[in-house]
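**Student:** Pasting in a structure now, in structure tokens, and then I'll have a few things to ask.
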Amino acid sequence: MSEQARRVVARNRKARHEYDVLETLEAGIELRGPEVKSLRAGHVSFQDAFARVERGEVWLHSLHISPYEQANRNNVDPVRPRRLLLNKAEIRKLVSQTEEKGLTVVPLEIYFARGYAKVQLAVARGRKLHDKREELKRRQQDREARRAIAASRGSDSR
């Protein structure tokens, strides 16, 4: 999808640090009018947000969309559960994956695609503290290796 057709509103930066992402999928999100305007303005927080399958529907919990200032009495609860729009096959697949030990569904980003609000979800496994440290060490070593290669290339061309 081109960058014009998809405008990212917010990313959950902590998700890729705290979880090993196994699979991603796109879902529509059911919003009320003022929430859409607030989303377009970027007033959203992923703090502890997660998705859960309940009675055959997928619900996004703990996603904070700030109330839209100009819609005073039409505003809804900022952290209310919001229904995610997926087809039945995708929901069945999510149910089977989350029943497996240690897997959860977390939102990675919210964006607008062709005017519709979408959520990119990830089926993920939580990382332990030592896994996070190993990942940080590996990234640091990769960064240092790239710098050393770039420095050696720069001195060779002189």
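**Student:** Mind listing whichever residues of region 1-47 are part of a loop (DSSP other than H, G, I, E, B), closer than 15 Å to L121 by Cβ and under 13 Å from the mean Cα position of the chain (by Cα)? Walk me through it before giving the result.
**Tutor:** Within region 1-47, the first condition is being part of a loop (DSSP other than H, G, I, E, B), and the residues that meet it are 1-5, 12, 30-32, 41-43, 46-47.
If we keep only those that are closer than 15 Å to L121 by Cβ too, we end up with 12, 30, 46.
If the condition is that a residue be part of a loop (DSSP other than H, G, I, E, B), closer than 15 Å to L121 by Cβ and under 13 Å from the mean Cα position of the chain (by Cα), then N12, F46 are the ones that fit.
**Student:** A follow-up question, please. Sort out which residues of region 65-80 are of a type in the set (A, V, I, L, M, F, W, C) and touching a Gly at 6+ places or on another chain (Cβ under 8 Å), and write them in order of number.
**Tutor:** A71
**Student:** Among the residues of region 48-64, which ones are in a loop (DSSP other than H, G, I, E, B) and either of a type in the set (A, V, I, L, M) or touching a helix residue (DSSP H, G or I) at 6+ places or on another chain (Cβ under 8 Å) (or both)?
**Tutor:** A49, G56, L63
**Student:** Does at least one position in region 65-73 carry a residue that is within 16 Å of the chain's Cα centre (by Cα), outside any helix (DSSP H, G or I) and either without any contact (Cβ under 8 Å) to a residue 40 or more places away in the chain or loosely packed, with under 14 Cβ neighbours inside 10 Å (or both)?
**Tutor:** Checked against the condition, which is being within 16 Å of the chain's Cα centre (by Cα), outside any helix (DSSP H, G or I) and either without any contact (Cβ under 8 Å) to a residue 40 or more places away in the chain or loosely packed, with under 14 Cβ neighbours inside 10 Å (or both), region 65-73 yields at least one hit.
**Student:** Could you count how many residues in region 115-130 are loosely packed, with under 14 Cβ neighbours inside 10 Å and either part of a strand (DSSP E or B) or charged (D, E, K, R) (or both)?
**Tutor:** Here the count works out to 3.
**Student:** Now a separate question. Just need a number here: residues in region 74-98 that are part of a helix (DSSP H, G or I) and charged (D, E, K, R).
**Tutor:** Total satisfying the criteria: 4.
Throughout, read-outs are computed from the coordinates displayed, never taken from laboratory work. What you see is a predicted model; the values in this text were computed from it and never measured. Cβ: placed from backbone, ideal geometry, glycine included. Neighbour counts: every protein chain shown.
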